[in-house]
1. Can you run phi through the Karplus equation (6.51, -1.76, 1.60; θ = phi - 60°) for region 150-159 and list ³J(HN,Hα) in whole Hz, with x for Gly and Pro?
2. Leaving ligands, DNA and RNA out of it, report the carbon-plus-sulfur percent of the accessible area of region 121-213 at a 1.4 Å probe.
3. R0 = 30 Å: FRET efficiency of Leu108 with Ser26, Cβ-based, nearest 0.05?
4. Below 18 Å, Cα to Cα, which lysines can Lys98 reach? Residues fewer than 8 away in the same chain don't count.
5. Please provide three numbers in whole Å: the alpha-carbon extents of region 134-181 along the principal axes, with the largest listed first.
6. Return the calculated 222 nm mean residue ellipticity for the chain, to the nearest 500 deg cm²/dmol, obtained by summing -39500 (n - 2.57) across DSSP H runs with n ≥ 4 and dividing by the residue count.
7. To test your reading of the geometry: what angle, between 0 and 90 degrees and rounded to tens, separates the Cα axis of helix 129-140 from the longest principal axis of the chain?
8. How high is the relative contact order of the chain, in percent, with contacts defined as C-alpha pairs under 8 Å that are six or more residues apart?
Amino acid sequence: MTDKRQFIDFLVQQNVLKFGRFTLNSGRISPYFFNLGSVARGGAYAELGSAYADAVLQSGVDFDLLFGPAYKGIPIAVATAMALAERGVDVGVAYNRKEAKDHGEGGLLVGAPVSGRVLMLDDVLTSGKAIRGAANLIRSEGAEIAGVVIAMDRAEVMAGSDDTAVSDLRSELAAPVISIAHVSDVLAYLNQKPSQSEALNAMQAYVDQHCAL
């Protein structure tokens, strides 16, 4: 599933991408809301993993391990690893806990050993807090950040900056940040839906005011 319109269609069908009036954590009023946590069935995760796997392979990024930052990144990493295995690329998967376990195997890390070049997978960047925390943990293990793959680049300029969350993270990690879809793809999708003219107008006004395309 590499076609952008197909991917946006999938996001809408799964209630991941909604249009309306939403208050973001920042307090900003947005005409759309994105929540990959709405994916809740096996078939949908198979489609999602396929989209991520296609993006990973098309990026050409060299990596040894997939890493899913807790919590939304965990099922994304597993679904992507399964889709990659179907394409002949069998790699390990690891993820972190929010809090260290003090019994059993203990520690913050679960899954394959964190080493080599690590590719992180997450849903969408807002503050990037989860990704940055995971990156610090990965580097503390002596591993290298190969890059980050996300589902959607909102392309919103951060307060008090000329950078978007994606461009800022890319610079900080000195690694590629790859998105399957971009807010401009959402505009293109709405533009082909005459019944969504109100959502399109609201989206266009929001993008013109807050986004860097």
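1. Couplings: 10, 6, 9, 9, 6, 6, 7, 6, 6, 4 Hz.
2. Reported share for carbon and sulfur atoms: 46 percent.
3. Working from the Cβ atoms, E equals 0.60.
4. Counting by Cα, and skipping residues close in sequence, Lys98 has these lysines nearby: Lys72, Lys129.
5. On the principal axes, region 134-181 reaches 32, 25, 14 Å in Cα extent.
6. -12500 deg cm²/dmol
7. 20 degrees
8. On the way: 366 pairs, mean separation 38.1, N = 213.
Reported as a whole number, the value is 18 percent.
The values are calculated or read from the model by the stated rules, or taken from the named source; none is laboratory data. Everything quoted here is computed from the prediction, not taken from an experiment. Note: ideal-geometry Cβ built from the backbone for every residue, glycine included; neighbour counts use all protein chains shown. Keep in mind that these areas ignore ligands, DNA and RNA; they rest on the heavy atoms of the full protein, side chains included. Shrake-Rupley method; radii C 1.70, N 1.55, O 1.52, S 1.80 Å.
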